[in-house]
Amino acid sequence: MTDCIFCRIATGEIPAQIVARNDHALAFRDLNPQAPTHLLVIPAIHFDSAATATGAAGQRVLGEVMALGVEVAGSLGLDDAGYRFVMNTGRDGGQSVGHLHLHLLGGRQMHWPPG
C-alpha cells in the first residue's frame with residue numbers, strides 16, 4: 001500500500017530506527033515516545049488493524065507481531081521489570097495510523113487504568 005507510512009517504513013522507503021526485523025515483522029522506535037522504551041511492532045504486510053487480521057493469515061500475522069514484541073522486550077532487558085503491549089484498533093480505540101501495530105512500552109511503572 002503506497003500511501004501507508006508503515007508500509008513505506010517496512011520497505012525501507014522511509015527511514016526509521018529499526019531495532020529488530022525478521023521475514024514477517026519489524027520493530028522500530030516510536031517518534032513520540034510515551035515511555036523510556038516505546039517501540040512499534042508492525043507486520044511486514046499491510047493489515048488495516050487488528051479487526052481486519054482475521055482467518056488463518058490474520059492469526060498468523062498477529063502471532064508474528066506479538067512474538068517479535070516479546071523477543072525485542074527480552075533483548076532490551078525489560079523481562080524482569082515488565083512491559084506493556086498496547087494494540088489500538090479504530091478511531092475510538094486510539095488508532096492513528098491505519099496499519100496494524102503493537103506498541104511496546106517499558107522502562108517505567110505502568111498505571112491502571114491506562115487512560
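Which condition breaks for Asn22 when tested against (1) out of contact with any strand residue (DSSP E or B) (no Cβ under 6 Å at 6 or more places or on another chain); (2) surrounded by 19 or more Cβ atoms within 10 Å (Cβ to Cβ); (3) not small (Gly, Ala, Ser)?
That leaves (2) as the condition not met.
Going by the structure shown, is Ala16 without any contact (Cβ under 8 Å) to a residue 60 or more places away in the chain, more than 25 Å from Pro114 (Cα to Cα) and in a strand (DSSP E or B)? Full working, then the answer.
Details: without any contact (Cβ under 8 Å) to a residue 60 or more places away in the chain: yes; more than 25 Å from Pro114 (Cα to Cα): yes; in a strand (DSSP E or B): no.
Taking the combined requirement at face value, the residue does not satisfy it.
I need the full set of residues from segment 1-17 which are surrounded by 13 or more Cβ atoms within 10 Å (Cβ to Cβ) and out of contact with any helix residue (DSSP H, G or I) (no Cβ under 8 Å at 6 or more places or on another chain), in order please.
The answer is Cys4, Ile5, Phe6, Cys7, Arg8, Ile9, Ala10.
Can you pull out every residue in segment 30-45 that is surrounded by 14 or more Cβ atoms within 10 Å (Cβ to Cβ) and either farther than 19 Å from Arg8 by Cβ or free of Cβ contacts under 8 Å to residues at least 40 places away in the same chain (or both)?
Answer for segment 30-45, where residues must be surrounded by 14 or more Cβ atoms within 10 Å (Cβ to Cβ) and either farther than 19 Å from Arg8 by Cβ or free of Cβ contacts under 8 Å to residues at least 40 places away in the same chain (or both): Ala35, Thr37, His38, Ala44, Ile45.
I'm trying to understand the selection: among the residues of segment 46-65, which are buried (at least 16 other Cβ atoms within 10 Å of the Cβ) and assigned to a helix (DSSP H, G or I)?
The answer is Ala50, Gly58, Val61, Leu62, Glu64, Val65.
Inspect segment 80-100 for any residue being over 17 Å from Ala25 (Cβ atoms), touching a Leu at 6+ places or on another chain (Cβ under 8 Å) and part of a loop (DSSP other than H, G, I, E, B) and give the result as yes or no.
Checked against the condition, which is being over 17 Å from Ala25 (Cβ atoms), touching a Leu at 6+ places or on another chain (Cβ under 8 Å) and part of a loop (DSSP other than H, G, I, E, B), segment 80-100 yields no hits at all.
Scan segment 71-92 residue by residue and report those that are without any contact (Cβ under 8 Å) to a residue 12 or more places away in the chain and either crowded, with 16+ Cβ neighbours inside 10 Å or of a type in the set (Gly, Ala, Ser) (or both). Give the steps one after another, and end with the answer.
Quick first cut of segment 71-92, residues without any contact (Cβ under 8 Å) to a residue 12 or more places away in the chain only: 74, 77, 79-80, 91-92.
Passing the criteria: Gly74, Gly77.
Residue by residue, here is whether (1) under 24 Å from Asp3 (Cβ atoms); (2) touching a Ser or Thr at 6+ places or on another chain (Cβ under 7 Å) holds:
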residue	(1), (2)
Ile14	yes, no
Leu39	yes, no
His46	yes, no
Ala50	yes, yes
Ala56	no, no
Phe85	no, no
Gly94	yes, no
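Read-outs: derived from the displayed coordinates by stated rules, not from any lab. Computed from a predicted model, the values in this text were never measured in an experiment. Heads up, the Cβs are rebuilt from the backbone with ideal geometry, glycines too, and the neighbour counts pull from every protein chain shown.
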